[in-house]
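Remarks on the structure that follows.
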Amino acid sequence: MTPAAEPAQPRPAAAVPSSSYRLQLQPGFTLRDATAAVPYLAALGVSHLHLSPLLEAVPGSTHGYDTVDHTRISEQLGGEPALRALAAEAHRHGLRLIADVVPNHMAVPAPERLNRPLWQVLRDGPDSPYAHWFDIDWTAQPGPADAPGRGRVLLPLLGDRLGAVLDRLTVDGDTLRYHEHELPLRPGTAGLPLEELLARQWYRLAWWRLARTELNYRRFFTVNELIALRAEDPEVFAATHAVLLALHADGVLDGFRIDHPDGLADPRGYLRRLADATGGAYVVVEKILTGEERLPEDWPVAGTTGYDALRRIDGVLLDHAGACRLAGAYESFLHGGPVRDLCADPHPAVAEARRGRADMTGPDGELAAEVERLVRIALRIGAAEPAHADHAPGQLRAALGRLLTGYPAYRPYARPGEAVPAASARQLRAALDDSADPTDRLVAALALGELGRGADKDEFCARFAQTAAAVAAKGVEDTAFYRWNALPGLNEVGGEPARPGLHPAEFHDWCRAQERTWPHGMTVVSTHDTKRSADARARLAVLAERPDAWAAEVDAWSTAAGPAAPGLDRDADWLLWHTLVAAWPIDPDRLVSALLKAVREAKLHTSWTTPDPRYERALEQRARSVHGNPGLLPRVEGAVHALAPYARANTLAAALLHLTVPGVPDLYQGSEEPLYTLVDPDNRGVVDLGALAVRLTDAAAPRPGDLAREKLHLTATALHLRRSRPLGSYRPLPAAGTAADHLLAFARGADVVTAVTRLPYGLERAGGWRDTVLELPAGGPWTDELTGRGFPAGAVPVAELLTALPVALLTRRG
């Protein structure tokens, strides 16, 4: 295992992909369909297929993150024979497989018998051999009537209070039924009267609304239907990973993407165990890095799944000053008053993030049950050690709320018995403003593992970290990022709406740092979790270059749409117009679906748990009316058409940066052509890879105005370049001249140069490239692989270099 003090070592070059291609497996696109697509994906130029979760999931699952059986490859995807056939076909074409692994949780399915380990726990309680699999606090609920001190599991699956639905509960042999739910009966209780029978089970059936405050099993975020596993237990790890590890040993799988490691009690321990079990396979982690947060150096992984790259690639192609102006226009649109540049602290997006976190942890917050679990642990510590006693539950609850609200990263990485990471300690205490309050200090010290060892102290430290991750994900990404919509394209996982744009020098610094520290981590621009695909964001980025004109257009469109229904806020209009532009052409059903998800996640006027039918109906009517408004629809189409030349430049620039910066580019299915998708499930549909294969055959032939052909040709060209040679060390190449700030260029070694246009609207307004030149490194001549045109070494006019395309990928032979 890698010692704690040493950074993880890079994987051997032979184990590192040159690129990967994410396939969303589902009943509509099975392993057999993936096998049929292998020749196309090999022709495209990727080295690895990146498969969504493979183990048996809830029937009909379109994502696979709801595992019910770790002992087999999903039969609805084709089973293990189909996976082996896919691997064989991939190997014949020189490709390998990476699999998505879900170590944090399993499904609580309906019927529950589909999850056999959970079924046995519900039947046999804490005596079940599977009781240690699941992260259940047996002390939080009184046990059955004949064993009240042993606890039971709260199952919040009833549509109403228990008394209101008793007549819908039926007993069938050894099974209790409620609608589609089937629950095991504790042995010896089947013949009891219903109320006595319920009181004798190892689970307590409850109204679904009680989950917020009384749930006693850890979930995936706030999803009651996903119960957390204790992957830190060696036996649980072995049982839940046996099939995947055997497939790796057989050469079927070559690497792994680890879903949500921040949910694990001990991410480093888990990753070390995985590294030991695989002999150091290629592994990346879905670790979200916020602000200046860094991936822990003692994790034995290749890097993250790439959201940190997404933020930098989008950032360097965004106009910082224009984004600040557009944020001010948004505030003016909502509240009136003059437009002002809005990038100074305190920033509204930061305040919104704090409110989102606070909403999660309040007395009625969606994560109140998780906070209560921490309170119970702290009270046990106080009861055992007088030095930590007499902190009232309310005081502990308030201190935890302050700490979880103010903590700026996903989670601290304190480990009991080890020195506290300096960044974690600094961030935790800053979250409490270095409070002198005794309860604040106690909670912070427990969270950092500073008060010594012991079962409860160790548990508090781990559970605080797990809870912090859930608060960050739900409070920021799934709440605040749907509330503050000034620049919706910034509201992606790991995004920082309060810090829009990135100076080229900062971009270069990040690339060089990645090359030094995590050269084989993934990079992404679109994923199955992005709220807007890269090309949708490329359109929205243009709006930041013309903030005043766009704000006027938004105001005009709102006026043209007519008065909104009472109660429908101005933010709904702002989001509506941005969504139309981002995803155009978009039919009414797709539009309504995305908007309804956004307002429910925002939880201001309606929500998933407390929907407001009147508000949602008004929003739907507003959205659908656009397509029936003959005066408005042409304006929307016209605006998208006017943005197209600049969005094209952004699309191609982002694609080429993604494919040539340090790291392993992971392409999302279908994104080799322009993809204008929105939040899931919109972005998880089946892609016609057969049609893409046909178009790939003539993608290199120029066809002016065909962005799909341009992007496909660029993607295939860059992917084949990566497969044919390792890209060398990263070196910025500064341009010189009037428009130098609009060119981003760098060399990869001595024989590859990337050059892309940034801020294309501003470039055109300023008069184009004019005298701007790029100094191509000596030793030419150079060839643009995208156009076939040749250039000598030395100063090349950028207007000549980028005459056909807004980007260039140059190579030097010999």
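Please treat every number below as a calculation from the coordinates, not as lab data. Here the structure is a predicted model, which is why all the values come from computation and not from measurement. Note that each Cβ is placed from the backbone with ideal geometry, even for glycine, and that neighbours are counted across all protein chains shown.
Run the paramagnetic zone check for E637: 7 angstrom along Cα to Cβ, then residues of the range 539-565 with backbone nitrogen under 18 Å. Zone members listed by number: 557, 561. Of all DSSP bridge pairs formed entirely within the chain, close to 60 percent run antiparallel. Taking label positions 7 Å along the Cα-Cβ direction at both S332 and L289, the computed distance is 3.7 nm, reported to one decimal.
Within the shell of other residues whose beta carbon sits under 14 angstrom from the beta carbon of L97, the net charge comes to -1, with Lys and Arg scored +1 and Asp and Glu -1. Residue separation of A43 and D569 scaled by 0.36 nm, minus their Cα-Cα distance, works out to 184.4 nm of gained length.
Think of the range 356-477 as having a plus end and a minus end, set by charges on the Cβ of Lys, Arg, Asp and Glu; of P421, P386, T467, P421 sits farthest toward the positive end of this dipole. Cysteines of the chain lacking any other cysteine Cβ under 4.7 Å from their own Cβ: C461, C511. For the range 728-814, the spherically averaged projection of the C-alpha convex hull amounts to 5.0 nm². For the chain, the longest principal axis of the Cα atoms and the long axis of helix 79-92 meet at an angle of about 20 degrees.
The three principal axes of the C-alpha atoms in the range 183-238 carry coordinate ranges of 40, 30, 14 Å, sorted with the longest axis first. Our note on the geometry: Cα centres of the range 20-88 and the range 615-641, 38 Å apart.
Taking label positions 7 Å along the Cα-Cβ direction at both A549 and A147, the computed distance is 7.2 nm, reported to one decimal.
Pairs of Lys residues in the chain are counted when their Cα atoms are under 22 angstrom apart and they lie 8 or more places apart or on different chains; the count is 8.
Farthest toward the positive end of the dipole of the chain, out of A766, A353, L86, is the Cα of A766, where the dipole comes from beta carbon charges about the Cα centre.
Evaluated at q = 0.13, 0.16, 0.19, 0.21 Å⁻¹, a Debye calculation over the C-alpha positions of the range 103-217 (equal weights, vacuum) places log10 I(q)/I(0) at -0.44, -0.70, -1.04, -1.32. If R0 is taken as 22 Å, the Cβ-Cβ distance between A513 and A422 corresponds to a FRET efficiency of 0.75. Phi-derived couplings, Karplus 6.51 cos²θ - 1.76 cosθ + 1.60 at θ = phi - 60°, listed residue by residue for the range 776-786: 6, x, 5, x, x, x, 10, 10, 7, 5, 7 Hz, with x used for Gly and Pro. I need the calculated FRET efficiency for the pair L194 and A246, taking r as the beta carbon distance and R₀ as 30 Å, to the nearest 0.05. Calculated transfer efficiency: 0.10. Rounded to the nearest 10 degrees, the angle from helix 422-431 to the longest Cα principal axis of the chain is 70 degrees. Charge dipole (Cα centre; +1 on Lys/Arg Cβ, -1 on Asp/Glu Cβ; no other charges) of the chain amounts to roughly 860 debye. Taking a ≥ b ≥ c as the square roots of the eigenvalues of the Cα gyration tensor, the range 288-341 is classed as prolate, since a/c reaches at least 1.5 and a/b is larger than b/c.
Once you divide the Cα radius of gyration of the chain by 2.2 N^0.38 Å, the number left is 0.97.
If you average the C-alpha positions of the range 774-814 and of the range 388-424 separately, how far apart do those two centres end up, in angstrom? Spelled out, the Cα-based centre of one part sits 54 Å from the other. Is the shape of the range 285-388 rounded, prolate or oblate, going by the alpha carbon gyration tensor and its root eigenvalues a ≥ b ≥ c, with a/c under 1.5 for rounded and a/b larger than b/c for prolate? Cα axes put the range 285-388 in the oblate bin. Only alpha carbons enter this Debye calculation for the range 356-477, each as an equal point scatterer, and the log10 of I(q)/I(0) it gives at q = 0.09, 0.12, 0.17, 0.18 Å⁻¹ is -0.20, -0.36, -0.76, -0.86. Averaged over residues, the count of other Cβ atoms within 10 Å places the peptides 596-605, 194-203 in the sequence 596-605, 194-203, highest first.
Projecting the Cα positions of P792, P156, L446 onto the charge dipole of the chain (unit charges on Cβ atoms of Lys, Arg, Asp and Glu, taken about the Cα centre) puts P792 furthest along the positive direction. Checking every one of the chymotrypsin sites (Phe, Trp or Tyr not before Pro) in the range 607-661 against DSSP loop status and a limit of 13 other Cβ atoms within 10 Å picks out W608.
Compactness check for the range 147-200: Cα Rg over 2.2 N^0.38 Å is 1.12.
Taking a ≥ b ≥ c as the square roots of the eigenvalues of the alpha-carbon gyration tensor, the range 202-300 is classed oblate because a/c is 1.5 or more while a/b is no larger than b/c.
Distant-in-sequence amide contacts of E182, defined by a placed amide H-H separation under 5 Å and a gap of 5 or more residues or a different chain, comprise E112, R113. Given R0 = 25 Å, the distance between the Cβ atoms of R340 and E764 translates into a calculated FRET efficiency of 0.40.
In whole Å, how far is the Cα centre of the range 658-675 from that of the range 226-263? What the calculation gives is 26 Å, centre to centre.
Considering helices alone, the calculated mean residue ellipticity of the chain at 222 nm is -13000 deg cm²/dmol, with DSSP H runs of length four and up weighted by -39500 (n - 2.57) and normalised per residue. Computed from Cα atoms, the angle from the helix 307-316 axis to the main principal axis of the chain rounds to 30 degrees. Database remark: amide H of I73 closer than 5 angstrom to the amide H of E80 (H placed geometrically; neighbours at sequence offset of 5 or more, or on other chains; Pro and chain starts carry no H). Extension gain for H179-W608 works out to 152.4 nm (0.36 nm per residue, less the C-alpha to C-alpha distance).
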